[in-house]
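To start, the structure under review is shown below, and the notes come after it.
Just so it is clear, none of the values below were taken in a lab; they were calculated from the coordinates. A quick note: this is a predicted structure, and the numbers were derived from the prediction, not measured. Don't worry about glycine lacking a Cβ; one is built from the backbone with ideal geometry, like all the others, and counts go over all protein chains shown.
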Amino acid sequence: MIRTPLRPLARILDARAKGENPDKIERDNIRQRHETMRDRTRIRAEGRLLMLGVMFFLGFSTIGLRMGVIAQSEPAEPRTSLAGAQIVAQRADIVDRKGRVLATNLETHSLYAQPRHMIDPKGAADKLVAIFPDLDHARLIKDFTGDRKFLWIKKRISPEQKQAVHDIGDPGLLFGPREMRLYPNGRLAAHVLGGAGFGREGVHAAEVIGVAGVEKYFDDRLRDPAQGDKPLQLSIDLTIQSAIERVLYGGMRLMNAKGAAAILMDVHTGEVIAIASLPDFDPNDRPRPPTSGDPSDSPLFNRAVQGVYELGSTFKIFATAQALELGLVSTSSIIDTGQPLRVGGYSINEFERKNYGKLDVSSIIMKSSNRGTGRIALMIGPKRQKEFLGALGMFEATPLEIVEAKGGKPLIPQRWTDLSAVTISYGHGISNTPMHLAAGYAAIANGGYTIKPTLIKQDGPQYGPRIMRENVARASRDMLRRVVSDPDGTANFGEVPGYGVAGKTGTADKPKPSGGYYDDKVINTFASMFPVDNPKYVLIVTLDEPVETSGKKPRRTAGWTSVPVAAEIIQRIAPLMGLRPKIEPQPTTGITLTSN
Amino acid sequence: MRSLFYVFTACAVIALAFWAYHENYKTQTVQTEAERLQREISEARARLRVLNAEWAYLNRPDRLRDLAEINFEKLGLLPLQPDQFGNVDQVSFPRSDENETIFSIVNGIEVSNSGALTETYP
């Protein structure tokens, strides 16, 4: 670089000759030099700023564009991940205790229309009605020719129907993939499974949500993608459930009942092996809840867990068991049931105003004496009775894992008086579901431990706190055994050779909605356990408004209706569960003596 | 020397570019293959689900019961009854004239079984 001298000799000499100050030239040159330097620096700084600006612009626009692309584009699965293969279905399967499928998913299609793209709306409507006879032809034409842009025609169609619609060949008829819930066993265990429906719906997919039963109770678990490949295993046994439903249906028809319920429960684990409520429905095509009439007449009503009934004399065993536990009586204590019993201004009578005279405790259960258990209840007192029944879970809705169980809240007296204690001792004045009764009888059957009824398969016994001693439970079982084995017992039709059935009948009049009780409408219950020497299962059979008409007079007691049905059920299912019939040990001498 | 270095560098860049290009295509092939396999797996799973559902549907207790009733003459199936339980010692041994030698036992299983049946259920 050539530096310009600050004091060029020629100009200095020239200036000197003219008499000017030569320093001025130097200053002028310095100024010019500084100006060039300043201009250069400025250009460089401006260039750098521009460069920086361009960089920032490019950076921000890249980020902005990427954000725009991500926001606008359809989400895509990562191509190189293993996770995609794990998700098999939207909703996990439900299987029974042996792994047989109770509910699964099936891929189907939905059919929708975009009338704007239709070529021949009228012809398409004609052909659609030919494929789906339930469609309304006039309405379809109105929708197709009106100004609607989109409409659903069918939520689920089969592959054959899809092909038929495809063959119409109209570009305005479109299909969306759908996953539907399938219950391959049809009506079997309908009340347990409940049903499923579509939640939020889009063209490409729809949510499948549970609407009742375990499907709704475990909705989050079933829809959890992390557990999508693990089926939900219930305690239900498909074979047993099927046999019970079949026999119960036959029994219900034979006894002219309008409804029936049965529960089979494992007494050690609380697992419900089978639970049936008739009439039932097909969960594949779940009916709508009724808008009028009595909801308990709907097939959706689950009598086993929602039906809150006075369960009658089946409660008597709780009174005697508590009295035995408290040491107030022994099985051979004599109680006078002949004397009239008046409590709180009411007179307590026996069934059909019979008079049984002096009875021991065991015979009170066998003959089902109201006055007998009433007197025992007075010995126990209302407070202790309330505590005992509370410990058995009789005051809360059962913890069974279906949403309907919350609806089975027991009705208990607001004030627990002596009269309440007496009536409750024979099962009146307190309303429970058959499931409560099953849990209560399970405590007697398993040696005195409370259990929680559950629909989920368990590994081994699930005992709660103990509420009665082992020998009290055994004595109670022996008393229940006599109800069935003794020719005078109320449940003598319940004898199944080899299985040692023990149980108690209960007949309760149905309450009128307007108050009071019907004369000719009853709820018959038989609560049983088998085999008696080491009970494994509790079976509750309830018939709603049964009447047995083989005799001269219609019979409405549980001994004539529920008991034979229960016996038939036990005879059918006990071999299926691998229970070998046994020659029963003879009753102990103590009991033989008292019956004399 | 310097020019040699430049040539070498240029060659290295070309080689690396070729390698990267090659790897890129290999990766894409593998990805496509993996996608195809995943699609196949999911299709197989869907098919398996349908088959499972169909199996469950065909084995539903209602249908089996109806089939047992329709084919009663051929199969003679009845619900299991408590009296069908038995003990091992109730099963009769083959008659003595049929098991004289070991050979006759081995060869005579059919014969001895049919004999046992007629003896137990005359």
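Among residues other than residue A:378 whose Cβ falls under 11 Å from its Cβ, what is the net charge (Lys/Arg +1, Asp/Glu -1)? Present the calculation step by step, with values, prior to reporting the outcome.
Working: positive: A:371, A:375; negative: A:418.
Charge balance in the 11 Å sphere: +1.
Counting each DSSP H run of 4 or more residues in the protein assembly as shown as -39500 (n - 2.57), what helix-only mean residue ellipticity at 222 nm follows after dividing by all residues, to the nearest 500 deg cm²/dmol? Walk me through the numbers on the way to the answer.
On the way: 24 runs with 311 residues, N = 718.
Taking each H run of at least 4 residues, the total per residue is -13500 deg cm²/dmol.
Rounded, prolate or oblate, given the Cα gyration tensor of region B:2-78, with a/c below 1.5 counting as rounded? Judged from the Cα gyration tensor, region B:2-78 comes out prolate (a/c at least 1.5, a/b above b/c). Gain on full extension, evaluated as 0.36 nm per residue between residue A:378 and residue A:134 minus their Cα-Cα distance, stands at 81.4 nm. With the simple spin-label model, which puts each label point 7 Å out from Cα in the Cβ direction, the residue A:469 to residue A:152 separation comes to 6.4 nm.
Which net charge results when you count Lys and Arg as +1 and Asp and Glu as -1 among the other residues whose beta-carbon is under 13 Å from that of residue A:117?
Values: positive: A:116, A:148, A:149; negative: A:120, A:170.
Result for the neighbourhood of residue A:117: +1.
Please name whichever of A:517, A:76, A:257 sits farthest to the positive end of the charge dipole of chain A, dipole taken about the Cα centre and charges placed at Cβ: Lys and Arg +1, Asp and Glu -1. Farthest along the dipole direction, towards plus: A:76. Beyond 19 Å, the tail of the calculated P(r) for region A:277-365 holds 62 percent of the Cα pairs. For the protein assembly as shown, the Cβ-based charge dipole about the Cα centre amounts to some 3560 debye (Lys, Arg positive; Asp, Glu negative; other atoms uncharged).
The overall shape of region A:432-551, judged from the alpha-carbon gyration tensor, is oblate: a/c is not under 1.5, and a/b is no greater than b/c.
Shown for A:204, A:166, A:191: other C-beta atoms within 10 Å of each C-beta, ranked fewest to most, produce the order A:204, A:166, A:191. Each other residue within a Cβ distance under 13 Å of residue A:228 adds +1 if Lys or Arg and -1 if Asp or Glu, for a net charge of +1. Computed about its Cα centre, the charge dipole of region A:113-208 is approximately 240 debye, with only Lys, Arg, Asp and Glu carrying charge at their Cβ. Just in region A:117-215: which trypsin sites (Lys or Arg not before Pro) are loop by DSSP and have at most 14 other Cβ atoms within 10 Å? Sites meeting the loop and neighbour criteria: A:148, A:149.
Ranked by Cβ crowding within 10 angstrom, fewest neighbours first, how are A:51, A:394 ordered?
Numbers: A:51 10, A:394 24.
Least crowded to most crowded, the residues run A:51, A:394.
Dividing the mean sequence gap of close Cα pairs (under 8 Å, 6+ apart) by how many residues chain A holds gives a relative contact order of 13 percent.
When both region A:102-176 and region A:489-503 are represented by their alpha-carbon centers, they are found 59 Å apart.
Provide, as a two-decimal number, the C-alpha radius of gyration of region A:125-165 over 2.2 N^0.38 Å, N being how many residues it has.
For region A:125-165, the normalised Cα radius of gyration is 1.18.
Taking the number of Cβ atoms within 10 Å of each Cβ as an exposure proxy, the fewest-first ranking of B:36, A:474, A:481 is B:36, A:474, A:481. Shape class for region A:239-595: rounded, because the ratio a/c of the largest to smallest gyration tensor axis (alpha-carbon atoms, square roots of eigenvalues) is under 1.5.
For the protein assembly as shown, state the semi-axes of the equivalent ellipsoid (square roots of 5 times the eigenvalues of the alpha-carbon gyration tensor), sorted largest first and rounded to whole angstrom.
Numbers: eigenvalues 1321, 270, 188 Å².
After diagonalising the Cα gyration tensor, the semi-axes are 81, 37, 31 Å.
When you restrict to C-alpha pairs under 8 Å that are six or more residues apart and normalise by the size of region A:239-595, the relative contact order lands at 23 percent. Computed from backbone phi with θ = phi - 60° and the Karplus coefficients 6.51, -1.76 and 1.60, the 3J(HN,Hα) list for region A:520-531 is 10, 10, 10, 10, 10, 10, 10, 9, 9, 9, 7, x Hz; x is used for glycine and proline.
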